[in-house]
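Below is one structure; the comments refer to it alone.
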Amino acid sequence: MTHAQTIDKVLANIDKVMIGKRNIAELSLTALLAGGHVLLEDVPGVGKTMMVKSLAKSIGASFKRIQFTPDLLPSDVLGVSIYNPRDMEFEFRPGPIVGNIVLADEINRTSPKTQSALLESMEESSVTVDGETLRIPQPFFVMATQNPIEYEGTYSLPEAQLDRFLFKLKMGYPERLAEVEMLQRAEKAVPIEQLEPVITLEELRELQQGVSNVNVDDTIKKYIVDCAAETRTNPYVYLGVSPRGSLALMKACQAFALMRGRDYVTPDDVKYLAPFAFGHRIILKPEAKYEGITTEEIMDRILTKVNVPIERIRVR
């Protein structure tokens, strides 16, 4: 079975629960294969949590959920050392961040101090408590959710935290027929409870290893850098995309190409994924917000302005 066929099995399994959201499932799986994380921002009730659960069940991974609240402490996320009187030494008990698939629900409801506890784990896949560092078993994938229309009792994510997410996605409301089908499926059963794993963690690790074998031609690398550089000089942008963002986009394109059954990245991969990888890394100037210009419009202008490479992509 090819990598693309294995990936199709996972997507088809998620489709049993998430009707009409194949694009979000593809992007979430792309981030997982690339070793990144996803921030899902949308109104309540559109299936953000269900998407994470469906993905975890489809790959037979351990699933942990952290419900972020204003009184949540860093130790509630990372874990804590507890004294064992029998052995007369401290034992570290890992927190819920130590898992394969972690749902950080309503991440903007907790304090910046607790939000910052996620920085090391999301960037380095490790947890440090009391000077001791614990590696998080792979694969490790954080999918965080936040509500964009509710501001009371919330804390905006700092740029350093946003930069840890490979993609920022929006679920959106389902189409009418998809919503009707959802009601029909849920009439007598709960679809998520009937979901079974279709691949193993070992197969997922093989897919992740296969991402690094996808060729990225020099012209594609220059194209990615040119797009990032354009965000830094755009008159409406206060802070553009960092080199970390360029690297994230390249890894995402490699994973996306693998999902499409290719061993090379195309310019179309870059154009499609750039808004999801760059949009949340851009800070607009006040005048842009005053004129009603959004990051989506900025990305459209940038991708239209930057010349697309037309040289033949070399395939290994």
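Applying the Kirkwood pairwise sum to the alpha-carbon positions of the range 1-86 produces a hydrodynamic radius of 15.3 angstrom.
Two numbers describe the Cα atoms of the chain: Rg and Dmax, which are 20.3, 69 Å. Stretching Ile283 away from Leu119 to a fully extended chain increases their span by 57.1 nm, per 0.36 nm per residue minus the current alpha-carbon distance.
Working note: 222 nm ellipticity from helices only, DSSP H runs with n ≥ 4, each -39,500 (n - 2.57), summed and divided by the residues of the chain, gives -13000 deg cm²/dmol to the nearest 500.
When the Gaussian network model of the chain links Cα atoms closer than 10 Å, the mean-square fluctuations of Glu202, Glu296, Glu89 top out at Glu89. The fraction of Cα-Cα pairs per 5 angstrom bin, counted from 0 for the range 213-305, comes to 2, 15, 27, 22, 15, 10, 5, 3, 1 percent, rounded to whole percents.
In the range 130-256, the C-alpha radius of gyration followed by the widest Cα-Cα span (Dmax) gives 20.1, 55 angstrom.
Could you work out how much longer the chain between Arg65 and Ala4 gets when fully extended? Use 0.36 nm per residue separation minus the Cα distance between them, nm to one decimal. Don't skip to the answer; put the middle values down first.
Details: separation 61, 0.36 × 61 = 21.96 nm, distance 2.91 nm.
Result for the pair: 19.0 nm of gain on full extension.
For the range 182-292, averaging the sequence separation of C-alpha pairs within contact (under 8 Å, six or more residues apart) and dividing by the residue count gives a relative contact order of 29 percent. Taken over the alpha carbons of the range 256-309 as equal point scatterers, the Debye sum produces base-10 log I(q)/I(0) values at 0.23 Å⁻¹ of -0.91.
Which whole-number percent is the relative contact order of the chain (Cα, under 8 Å, 6+ apart)?
Working: 537 pairs, mean separation 69.2, N = 316.
Relative CO of the chain lands at 22 percent.
With bins 5 Å wide beginning at 0, the percent of Cα pairs of the range 50-192 falling in each bin runs 2, 8, 16, 18, 18, 14, 10, 7, 4, 2, 1, 0, 0. Remark: the Cα gyration tensor places the range 48-117 in the oblate category, a/c being 1.5 or greater and a/b not exceeding b/c. Model label points for Asn23 and Lys222, set 7 angstrom from Cα along the Cα-to-Cβ axis, are 3.1 nm apart.
What is the antiparallel percent of DSSP beta bridges lying wholly in the chain, to the nearest 5?
On the way: 12 of 29 bridges.
Around 40 percent antiparallel, to the nearest 5.
If a spin label sat at a point 7 angstrom from the Cα of Leu239 along the line to its beta carbon, the backbone N atoms of the range 93-131 nearer than 18 Å would be those of 108, 112-120, 123.
Every number here is computed from the coordinates shown, using simple stated rules; none is lab data. Fair warning: this is a prediction, and the values are worked out from it, not measured in the lab. Cβ sites come from the backbone with ideal geometry, for glycine too, and all protein chains shown count toward neighbours.
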